[in-house]
Amino acid sequence: MTARGQDATLGLLFVALGLAAAWQAAGYRGASGTYPLVLGQSLAALGLLLALKSFWRGAKVPRPLVDHPGRVAVTVAIGAGYLALVPVLGFYAASALVAVLLPVALGFRRPVYTLLAAAGFMAAVWLVFTGLLAKPLPTGFWSGW
């Protein structure tokens, strides 16, 4: 498949997924649906931009679907581990662990930058959910301490 076709297909998949999430979130009562609704709409809008960009500027040359299959497999495995760890460790601890381990597993060798990026990401997530949205995330076994 050409680069144009891959980008168009991915963009349209994001549009469909975003619209489905927004439609589902619209059925939530009260303010609980606002965040997933906006997230779904944002995903759909970005997917539409990707699809449109692929038609305007997309390359018509074939390209492999994945450039580094090993890195894709590592990312999927770490993602699956993350989903398994969130109920046990809580969102913050599991997310911090992934934010540190994933770059290292993918070959990034700058530990100071990795730790700073993980700390910045965690601070931003905490500020958005706890401060801005007033929706604390699951803390896992830490909540008993």
Original post:
Of the peptides 118-130, 85-97, how do they stack up when ordered by the mean number of other Cβ atoms within 10 Å, highest first?
Top reply: 85-97, 118-130
**OP:** State, as an integer percentage, the relative contact order of the chain based on alpha-carbon contacts under 8 Å between residues 6 or more apart.
**Re:** 23
**OP:** Give the shape of the range 17-82 as rounded, prolate or oblate, defined through the alpha-carbon gyration tensor: a ≥ b ≥ c are the square roots of its eigenvalues, a/c under 1.5 means rounded, and otherwise the shape is prolate if a/b is larger than b/c and oblate if not.
**Re:** oblate
Original post:
Along the Cα-to-C-beta direction of Val74, a point sits 7 Å from the Cα; which residues of the range 103-129 have their amide N less than 16 Å from that point?
Top reply: 103-111, 114-115
**OP:** For Tyr113 and Asp67, calculate 0.36 nm times their separation in residues minus their Cα-Cα distance, and state this gained length in nm to one decimal.
**Re:** 14.1 nm
Original post:
Where in the range 1-39 does the amide nitrogen come within less than 13 Å of the point 7 Å from the Cα of Phe55, taken along Cα to Cβ?
Top reply: 5, 8-9, 11-12
Subject >> Rough spin-label spacing in nm, given labels placed 7 Å along Cα→Cβ, for Ser42 and Phe121 >> reply: 1.5
Original post:
How many nm is it between the label spots at Val100 and Ala84, if each spot is 7 Å from the Cα in line with the beta carbon?
Top reply: 2.0
Subject >> Gyration tensor verdict on the chain (Cα atoms; rounded if a/c is under 1.5, prolate if a/b is larger than b/c, oblate otherwise) >> reply: oblate
Original post:
Could you give the dipole magnitude of the range 1-139 about its Cα centre, charging the beta-carbon of Lys and Arg +1 and that of Asp and Glu -1, in debye to the nearest 20?
Top reply: 300
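Readers should treat all values here as calculations from the given coordinates under stated rules, not as data from a laboratory. Small disclaimer: the values here were computed from a predicted structure and weren't measured. Note that each Cβ is placed from the backbone with ideal geometry, even for glycine, and that neighbours are counted across all protein chains shown.
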